[in-house]
Structures are given as structure tokens and as C-alpha cells.
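Remarks on the structure that follows.
The values are calculated or read from the model by the stated rules, or taken from the named source; none is laboratory data. Not measured: the values here are computed from a predicted model. Don't worry about glycine lacking a Cβ; one is built from the backbone with ideal geometry, like all the others, and counts go over all protein chains shown.
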Amino acid sequence: MSDKIIFSPGSFFHGTKADLNIGDFLVTGMKKNYNDDRKSGYVYFAGTLDAAIWGAELAEGDGTQRIYVVEPTGDFEDDPNLTDNKFPGNPTKSYRTKQPLKIIAEVTKWEGHPSEVINSMLENLRQLSEKGIKAID
């Protein structure tokens, strides 16, 4: 028997280092996960586990990387930080909402990216930050 968990089509995920519980809500107005002191006007989530893994791996802080299965409570839209001219068609199925996301489960078994790939991404984000370009606008 395989340890691999298959999520149903339409599952949504949120990657973070925040220690949350089933039934909690992700809401706007919190500090962003990334090198940014601004409060978030949106809550971000994805329809692919890989995109959520990136979210957990790139989140700041010393907490444990976590992936939550979330349920939108209202309208949402494609995340313009990852769509439009950058990735036409939204292949990562990345979204944002001003409405709360309810945590309905935690993904406890997942495989992260190789450390050299993560370090390369972090270096790219650092260079963008030095130029005044924020990861999430």
C-alpha cells in the first residue's frame, strides 16, 4: 500500500510556517509570510500542492513548514503576482481572496524541493527585494 495521499480535484492548499488548527481561519490584515513588514490585504492559496510547498518553504520564521488544506468562504481571483504576463493561464492555480479561508485539514506527508533549488529561489527573491521589488504586491 502506498503512503501517497491523493487529494480530490478542487482541493486548495496554503503553505506557511504558522502553527494553526483545524477550524481556524486565515484572514487578511496579518503580517505577510515573506520579507515584508506590510499587512496582507489578501489571503493567498493554491490549487496545487507544489505551489503550497513553495509557500511553506519560502515563508519567513523559525516555525515548522506546514501545508494546510483550506476552504474559501467567499469569492476569490487568480493571483496576479503569478499569473497574467508572468505565467499565462495560471498553471500553479494560485489565487487570492479578501474573504477568510477555513483550515479543514493539514497535509502531514509531503516532499519539499531540493535545498539548492530553494537557495536559488531565495537568492532571486533577495535580489528583487534589494531592487525594491516585493514578492507580493
- Message: Can you report the number of residues in segment 103-116 which are under 23 Å from Gly29 (Cα atoms) and under 14 Å from the mean Cα position of the chain (by Cα)?
- Response: 2
- Item | So Arg66, is it among the charged types (D, E, K, R), at pLDDT 90 or above and touching an Asp or Glu at 6+ places or on another chain (Cβ under 6 Å) | no
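Being in a loop (DSSP other than H, G, I, E, B), under 17 Å from Asp50 (Cβ atoms) and at pLDDT 90 or above is the filter here, so list the residues in segment 73-112 that pass it. Please lay out each step first, then the result.
Here is the first cut: in segment 73-112, the ones in a loop (DSSP other than H, G, I, E, B) are 73-76, 79-93, 98-100, 108-112.
Subset that is under 17 Å from Asp50 (Cβ atoms): 79, 81-83, 86-87, 89-93, 108-112.
Answer for segment 73-112, where residues must be in a loop (DSSP other than H, G, I, E, B), under 17 Å from Asp50 (Cβ atoms) and at pLDDT 90 or above: Thr108, Lys109, Trp110, Glu111, Gly112.
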- So which residues in segment 59-109 are polar (S, T, N, Q) and either under 25 Å from Asn21 (Cβ atoms) or in contact (Cβ under 8 Å) with a residue 12 or more places away in the chain (or both)? Thr64, Gln65, Thr73, Asn81, Asn90, Thr92, Ser94, Thr97, Gln99, Thr108
- Item | Any chance Lys17 is among the charged types (D, E, K, R) and at pLDDT 75 or above | yes
- Within segment 31-45, the count of residues that are surrounded by 14 or more Cβ atoms within 10 Å (Cβ to Cβ) and at pLDDT 60 or above comes to 5
- Task: Scan segment 46-62 for residues that are under 16 Å from Glu123 (Cβ atoms) and either hydrophobic (A, V, I, L, M, F, W, C) or in a helix (DSSP H, G or I) (or both) and jot them down.
- Result: Trp54, Glu57, Leu58
- Query: Can you name every residue in segment 20-30 that is surrounded by 13 or more Cβ atoms within 10 Å (Cβ to Cβ) and at pLDDT below 90?
  - Reply: Thr28
